[in-house]
Amino acid sequence: MSLIITGATGHLGRLVVESLLTRGTDASDIVATGRSIDRLADLAARGVAVAELDYSRPETVAAVVKSGDTLLLVSASEPGNRAALHAAVIEAAKSAGVARIVYTSAPAATTSALVLAPDHKATEESLVASGVPFTILRNGWYTENYAGEVEKGRENGEIVASVGDGRIASASRKDYADAAAVVLTTEGHEGAVYELSGDVAWDFDELAAAIGTIVGREVAYTRLSPEEHAAMLSSFGLDAGTVGFVVGLDANIRDGLLSGTPGDLARLIGRPTTPMAEGLAAA
């Protein structure tokens, strides 16, 4: 029985494959998939099976998944269209006889007001309705999401946002990848829903200080109102939908929706999560 890893051409999926190999999973038991097999050539050279799998083409799922396989469904990157893509993958995998689906969801997906939650809520509902055994990994925020702020701090000595004093319990992608590898290769996770986040929730003053250490200059966090933030983003030429999404996400952070520290991630991986400053420096 194989472990099918979707999105292996992306950051998280690739790290899951690496974590599986590090943990001793035989390369021949892993199938790394993505829309471009060429980008998986280095894994193939290491003995990992590779295959095309495109969420928008369910026939590619049916061609890869075999009865008894376990599928890691890494969330697609198209907000608003993800639920339909995920539902198609789930149905195709079910028809192929998949033994279990592990899905990377979002924090408190079925109850949260997080702007990213609706697609994940719908996917979790599709997964439950399918009758396929599942494990849900509600991945919190990635520290690497703020790698772009480092250059802004270097250039301007400033980062700006409308998150107020909101806090984020982020962790590094590797932490989340290790958690996925654990639930893919160990027993006792069927039907489980894990709320994954970093051990410590930090604020943007701490983010600015961490960036300052990385770039070697003082960096300050400038608090914007939502209206000021929207006006600034619009002045950069961003469309209204993107502006609304970014400002809405900052509002979610301001309201504490990404600040939870239940400890599930550290318990799964058997170690503390990567501190924000360390993860940002590595990124």
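A short reminder: the numbers here are calculations on the coordinates, not readings from a lab. Predicted, not measured: the structure shown is a model, and the values here were computed from it. Heads up, the Cβs are rebuilt from the backbone with ideal geometry, glycines too, and the neighbour counts pull from every protein chain shown.
Taking θ as phi - 60° and the Karplus parameters 6.51, -1.76 and 1.60, the scalar couplings of the stretch 264-278 work out to 4, 5, 4, 5, 5, 8, x, 7, x, 6, 5, x, 3, 4, 5 Hz in sequence order, x denoting glycine and proline. The angle between the Cα long axis of helix 226-235 and the main principal axis of the chain comes to about 80°, on a 0 to 90 degree scale. In this simple spin-label approximation, Arg267 and Glu155 carry label points 7 Å from Cα along the Cα→Cβ vector, and these lie 4.3 nm apart. Taking amide hydrogens as placed 1.01 Å from N in the peptide plane, the amide H of Ala161 sits under 5 Å from those of Thr222, Leu224, each at least 5 positions away in sequence or on another chain.
Scoring 190-203, 2-15 by mean Cβ neighbours within 10 Å over their residues and listing the highest first yields 2-15, 190-203. Taking packing as the residue-averaged number of other Cβ atoms within 10 angstrom, the listed peptides 176-188, 230-242 run from highest to lowest as 176-188, 230-242.
Subtracting the Cα-Cα distance of Ala220 and Ala41 from their residue separation scaled by 0.36 nm leaves 60.2 nm. Backbone geometry of the stretch 27-40 corresponds, through the Karplus equation with coefficients 6.51, -1.76 and 1.60 at θ = phi - 60°, to 3J(HN,Hα) couplings of 4, 6, 8, 10, 10, 8, 10, x, 6, 10, 5, 4, 6, 10 Hz, x marking Gly and Pro. The packing ranking, built from the mean of other Cβ atoms within 10 Å per residue, places the peptides 126-134, 53-61 in the order 53-61, 126-134, highest first.
For the stretch 11-138, relative contact order (Cα pairs under 8 Å, six or more residues apart, normalised by length) works out to 19 percent.
Helices in the chain, meaning DSSP H runs of at least 4 residues, each add -39500 (n - 2.57). Divided by all residues, the mean residue ellipticity at 222 nm is -13000 deg cm²/dmol. Here the spin labels are modelled as points 7 Å beyond Cα on the Cα-Cβ line, and at Met232 and His11 they lie 2.1 nm apart. Is any residue of the stretch 63-91 close enough, with backbone N under 12 Å, to a label point placed 7 angstrom from the Cα of Asp29 along the Cα-Cβ axis, and if so, which? Residues 70 fall inside that zone. Label separation (Asp54 vs Thr110): 3.4 nm, computed from points 7 Å beyond Cα along the C-beta direction. Please compute the contact order of the chain in relative form: average sequence separation of alpha-carbon pairs under 8 Å and at least six residues apart, divided by the residue count, as a percent. Reported relative contact order: 18 percent. Eigen-decomposition of the gyration tensor built on the alpha-carbon atoms of the stretch 83-142 gives equivalent ellipsoid semi-axes of 21, 11, 9 angstrom, largest listed first.
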